[in-house]
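The values are calculated or read from the model by the stated rules, or taken from the named source; none is laboratory data. Computed from a prediction, not measured in an experiment: that's the story for all the values here. We place every Cβ from the backbone using ideal geometry, glycine too, and count neighbours over all the protein chains shown. Side chains are part of the model used for accessible areas, which takes the heavy atoms of the whole protein and leaves out ligands, DNA and RNA. Shrake-Rupley method; radii C 1.70, N 1.55, O 1.52, S 1.80 Å.
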Amino acid sequence: MIFVAIGGFFGAISRFAISNWIKQHFRTYFPLATFCINLIGSFLLGICVGLGPISSLQLLAGTGFLGAFTTFSTFSVESVKLYESRGLLAAATYMCLSCVLGILLAFIGWWLMSV
Amino acid sequence: MHYLLIGLAGALGASLRYAIGILFTEYFNSSLLSATLYINLIGSLLLGWLTSYLPRFPNVSTNVSTAITTGFLGAFTTFSAFSVDNITLLMDGQVWVAFSYIILSLVGGFICALIGLRLGAKEGGL
């Protein structure tokens, strides 16, 4: 449990810092910050899972850090906001892209570690 | 200071997610899909609600509200486990389970966030 908590501490802070940085440097109506964070996190968790069975390091880096680094609640709320401001197509594009690319990147991460 | 608060809230959110995950696999069988689905749906509902409800309280500092929303709920819900869960299901040949998991997460998360945002914006506030 302590490993998950420590990972979660740094995961949440990293997400906040990176998301602020992206929002400052790229001004767009598309929720780019959460999009990038979720994709990077999915890729890294794929690598983490590919590395082998559950260990304390995986609890720290995987469940704790990457679990807290990526977020689903912000993703859902942003999808609704995107729907309200830009319509259903924009929201559906954001959701489908995140989902397909997230799964694909997690697979690539896992595959890289298991070959 | 707000980094520390977000970190502490994040540690709490991640620990709660981990604990629910363990309890879930202990008490329910795996056919109910993963705990991540339910955690993500509840988190989306709560974040939607707080997003439109919290601004009514101008005396709640942004440090505290960011710690609860970005820190706690952000760390409680997770996208990476959702991606990896689906890889496991797809490689296991459970294409339909993966498909329902994806649809339930995406559409369910959207609807939960929408309901949350509407509830928080209502007169009574709940």
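Helix screen, chain B: DSSP H segments with Cα axial length of 20 Å or more and mean Kyte-Doolittle hydropathy at least 1.0 are B:2-27, B:35-53, B:95-121. Here the Karplus curve 6.51 cos²θ - 1.76 cosθ + 1.60, taken at θ = phi - 60°, turns the phi angles of region A:42-47 into couplings of 5, 4, 5, 5, x, 4 Hz, with x standing for Gly and Pro.
Rounded to whole numbers, the Karplus 3J(HN,Hα) couplings from phi for region A:82-91 are 5, 5, 6, 8, 10, x, 5, 4, 4, 5 Hz, using 6.51 cos²θ - 1.76 cosθ + 1.60 with θ = phi - 60°, and x at Gly and Pro. What separates the Cα centres of region A:58-115 and region A:26-49 is a distance of 6 Å.
Amide H contacts of B:LEU33: none lie under 5 Å away among residues 5 or more positions distant or on a separate chain (H built 1.01 Å from N in the peptide plane; Pro and chain starts excluded).
With equal scatterers on the alpha carbons only and no solvent term, can you work out the Debye log10 of I(q)/I(0) for chain A at 0.18, 0.22 1/Å? The calculated log intensity ratios at q = 0.18, 0.22 Å⁻¹ are -0.92, -1.18. Of the solvent-accessible surface of region A:2-114, computed with a 1.4 Å probe over protein heavy atoms with every protein chain present, carbon and sulfur atoms account for 75 percent. Ellipsoid semi-axes for chain B, based on the Cα gyration tensor and the rule √(5λ), read 29, 18, 11 Å when sorted largest first.
An ellipsoid equivalent to the protein assembly as shown, defined through the eigenvalues of its Cα gyration tensor, has semi-axes of 26, 20, 18 Å when rounded to whole angstrom and sorted largest first. Only Cα pairs under 8 Å and 6+ residues apart enter the sum, and on that basis the relative contact order of region B:2-121 stands at 45 percent. Shielding by partners for peptide A:93-100, expressed as the average number of C-beta atoms from other protein chains within 10 Å of each residue's C-beta, is 3. Pairing chain A with chain B buries about 3600 Å² of accessible area. This figure sums both sides and uses a 1.4 Å probe. Rolling a 1.4 Å probe over the heavy atoms of the protein chains gives chain B an accessible area of 51 Å² per residue.
Largest first and in whole Å, the equivalent-ellipsoid semi-axes of region B:72-126 read 30, 13, 5, each the square root of five times a Cα gyration tensor eigenvalue. Taken residue by residue and averaged, Cβ atoms of other chains lying within 10 Å of the Cβ of A:12-21 number 5.
3J(HN,Hα) along region A:5-11, derived from phi through the Karplus expression 6.51 cos²θ - 1.76 cosθ + 1.60 where θ = phi - 60°, amounts to 5, 5, x, x, 4, 6, x Hz, with x in place of Gly and Pro.
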